Amino acid sequence: MNALAVLRDIFGYPAFRGAQAEIIEHIHQGGDALVLMPTGGGKSLCYQIPALLRPGCAVVVSPLIALMQDQVDALIQLGVRAACLNSTLDWREAQAIEQQLFNGTLDLVYIAPERLLIERTLAMLDALYDAGKLALFAIDEAHCVSQWGHDFRPEYLQLCALHERYPQVPRIALTATADTATRNEILARLGLGEARVFLSSFDRPNIRYTVVEKDNAKKQLLGFLAGRKGQAGIVYCLSRKKVEETATWLSAQDYPALPYHAGLPAPTRAANQRRFLREEGLIMCATIAFGMGIDKPDVRFVAHLDLPKSIEAYYQETGRAGRDSEPAEAWMSYGMQDVALQHARISESGADDGQKILESQRLTALLAYCEAPRCRRQVLLDYFGETHPPCGNCDLCLDPPELWDGTQAAQKALSAIFRTGMRFGVAHLTDILRGKSTDKVAQWQHDRLPTFGVGRDLDEHAWKSVFRQLAAAGLVHVDMTEHGALQLTDAARQVLKGEQRVELRRPLKRPTDQARTTVVYSDLSTADNELFQRLRRWRSDTAREQGVPAYVILHDKTLRELAEARPVSHGLLAGITGMGSAKIEHYGEELLNLIRSEG
């Protein structure tokens, strides 16, 4: 059987996407590869299909113990012989899986890196290698090898030994983290110097991006969620305390929500994650501890109540929405206090100076994205080296901002920072510019400064926007060693001297009612939608009976196609996306009966 036949017969997809076919052929022929592909882009197929084409069993290295069983369950539903080896198994279960490996009755085995590297496992792999029964090594979430990433796993550093120990076995490393520095680190630390690098487009056209200036974040979030009840989503917060408060508050507002952060007991974290994956319509409130490798395809939105640490982190976190290619949303609120907190985290970290500079540059890139006057998708993809026309599907394309010559306002703001000794934050500087006499102003006698009151033409909201845009443009730096004081960068000199024009955008006072951004998720007719809802209820019942997540049975996209096409035979079922031969065998008759009953 060739790759395309496997894709159609087992996985139920009609054709490969992007570079999938080329990657699969390269691995099938024994080559090594680094695959950088966006979340939801079909990375798993790049090792699952070669695993079925090559002799022996494929070993998938994954740090996601809590999700391994769900991944295995999904493959078993497709008729693929898969298992996992991790610390959740007792010795009898582990021994049974090892026996299956030796008997040649497994196509894929998922294994945690720490389990892979113990002598017992290596001895088992040695025996398989000698017998020619190792198909390939797939190193999933390969960015875990990066020592400066928040997903770092020390065991990943030892995976370079796989090539030394099993030189004839092809390796494929996969990640959705796209920046050049991380890419080079993966290649170096995993010993993939000779590997082909497959870099896919990082555009996620189904995601709508929206950024709002933080005012009342909870009220703004509630406005965004209006009309989205019953949808699964993730709300990211910077602190553990805020995670728990937000989850409690959302639940009280009739949006069922669960907390997730590293400070919760491990059983609670595992239980909440399992509920989120298996139940429909839940919201997970979380720190960045949650999300890597989350396989749930029907996450309809990702919201950030606080600024992420970098544009890479933002891309990775928002990428957890819409993995099923259906419409999804990425919404974020942010303000200068967020910027100050992230700068503080960088300065207080144990990183060396070079790494701190790199992290600051990544944060500045995210600020530029937040304050962009043009299409957000263009700015985001430009960072990753891609050019893109205006998308027509982000907040700035749908509601373009008004631009103005802000050179004079920038000079006033920069002068105020300089003349106060670069010791104060936005609120105090705004008071000076607007001529507002406060106790602090009187104490420092700033009313005698030439800049006192020169900014009365702009209100407080507008000045905050000016300062944010100056920070995003790299003219101002937030120094947390001075409690969030704004300091001039070298680039500010040209503006102060009148040698550089500064274009700014008017601050947007978006309504809290976000009805204008509501995405239409289905254009099904009334009758088709009724059948779609019946199919979803059948899927929920079936998943509950089997103890697996609903998406493991069938994706929403498959159910929607079934509701629209209303196939009347097993042969016609094969034309529906996601309906491979095993799914048709397992569920075909039930689905056809449901469709006929709707008549």
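The values are calculated or read from the model by the stated rules, or taken from the named source; none is laboratory data. Everything numeric here is computed off the predicted structure, so don't read it as measured data. Quick reminder, even Gly has a Cβ in these numbers, built from the backbone with ideal geometry, and neighbours come from all protein chains shown.
Which condition number does Ala574 fail, the rest of (1) at pLDDT 90 or above; (2) surrounded by 13 or more Cβ atoms within 10 Å (Cβ to Cβ); (3) over 19 Å from Arg8 (Cα atoms); (4) among the aliphatic types (A, V, I, L, M) being met?
(3)
Out of Ala66, Ala112, I need the residue that is in contact with a Ser or Thr (Cβ under 8 Å, 6 or more places away or on another chain), in the same structural domain as Gly30 (by TED's automatic domain parsing), among the aliphatic types (A, V, I, L, M) and over 24 Å from Ser581 (Cα atoms). Which one?
Exactly one of Ala66, Ala112 is in contact with a Ser or Thr (Cβ under 8 Å, 6 or more places away or on another chain), in the same structural domain as Gly30 (by TED's automatic domain parsing), among the aliphatic types (A, V, I, L, M) and over 24 Å from Ser581 (Cα atoms), namely Ala112.
State yes or no: is Ala351 over 15 Å from the mean Cα position of the chain (by Cα) and either among the basic types (Lys, Arg) or outside the structural domain of Asp179 (by TED's automatic domain parsing) (or both)?
yes
Have a look at Val59, Val72 and point out the one that is part of a helix (DSSP H, G or I) and crowded, with 17+ Cβ neighbours inside 10 Å. Quick ask: steps written out before the conclusion?
Numbers: Val59 fails: part of a helix (DSSP H, G or I).
Result: Val72 is the single residue among Val59, Val72 that is part of a helix (DSSP H, G or I) and crowded, with 17+ Cβ neighbours inside 10 Å.
Let me spell it out: the conditions are (1) in contact with an Asp or Glu (Cβ under 8 Å, 6 or more places away or on another chain); (2) in a helix (DSSP H, G or I), and Ala344 meets all of them except one. Which number is the exception?
(1)
Using beta carbons and a limit of 6 Å, which pairs, at least six apart or on different chains, have the first residue in segment 587-599 and over 19 Å from Ala543 (Cα atoms) and the second one in a helix (DSSP H, G or I)?
Glu598/Leu531
I'm checking my understanding of the structure. Among residues of segment 347-363 that are small (Gly, Ala, Ser) and not in a helix (DSSP H, G or I), which one is farthest from Tyr383 (Cα to Cα)?
That would be Gly350.
Hey, can you tell me all the residues within segment 233-256 that are surrounded by 21 or more Cβ atoms within 10 Å (Cβ to Cβ) and in contact (Cβ under 8 Å) with a residue 40 or more places away in the chain?
Gly233, Ile234, Val235, Tyr236, Cys237, Val243, Thr246 - these are the residues of segment 233-256 that are surrounded by 21 or more Cβ atoms within 10 Å (Cβ to Cβ) and in contact (Cβ under 8 Å) with a residue 40 or more places away in the chain.
Which one is modelled with the lowest pLDDT among residues in segment 485-508 that are within 29 Å of the chain's Cα centre (by Cα) and buried (at least 17 other Cβ atoms within 10 Å of the Cβ)?
Among those that are within 29 Å of the chain's Cα centre (by Cα) and buried (at least 17 other Cβ atoms within 10 Å of the Cβ), it is Pro507.
Pairs please, first residue from segment 457-477 and assigned by TED's automatic domain parsing to the domain that holds Leu414, second anywhere and at pLDDT below 85 and basic (Lys, Arg), Cβ atoms under 9 Å, 6+ apart in sequence or on different chains.
What qualifies is Glu460/Lys436; His461/Lys509; Ala462/Arg506; Ser465/Arg505; Ser465/Arg506; Gln469/Arg505.
Results for (1) among the β-branched types (Val, Ile, Thr); (2) in contact (Cβ under 8 Å) with a residue 24 or more places away in the chain; (3) closer than 24 Å to Thr180 by Cα, shown as yes or no for each residue.
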| residue | (1), (2), (3) |
| --- | --- |
| Ala19 | no, yes, yes |
| Ile27 | yes, yes, yes |
| Lys43 | no, yes, yes |
| Ile49 | yes, yes, no |
| Leu52 | no, yes, no |
| Gly56 | no, yes, no |
| Val60 | yes, yes, no |
| Pro63 | no, yes, yes |
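Search segment 568-580 for residues that are over 14 Å from His555 (Cα atoms) and pair each with any residue that is of a type in the set (Val, Ile, Thr) and part of a helix (DSSP H, G or I) when their beta-carbon atoms are under 8 Å apart and the residues are at least 6 apart or on different chains.
As it stands, the answer is Val568/Ile595; His570/Ile584; Leu573/Ile584; Ala574/Ile584, since those pairs meet every condition given.
Which of (1) modelled with pLDDT of 90 or more; (2) surrounded by fewer than 22 Cβ atoms within 10 Å (Cβ to Cβ) is the odd one out, the single condition Phe152 does not satisfy?
(1)
Specify which of the listed residues (Gly227, Gly263, Gly193) is surrounded by fewer than 22 Cβ atoms within 10 Å (Cβ to Cβ), free of Cβ contacts under 8 Å to residues at least 12 places away in the same chain and in a loop (DSSP other than H, G, I, E, B).
The match here is Gly193.
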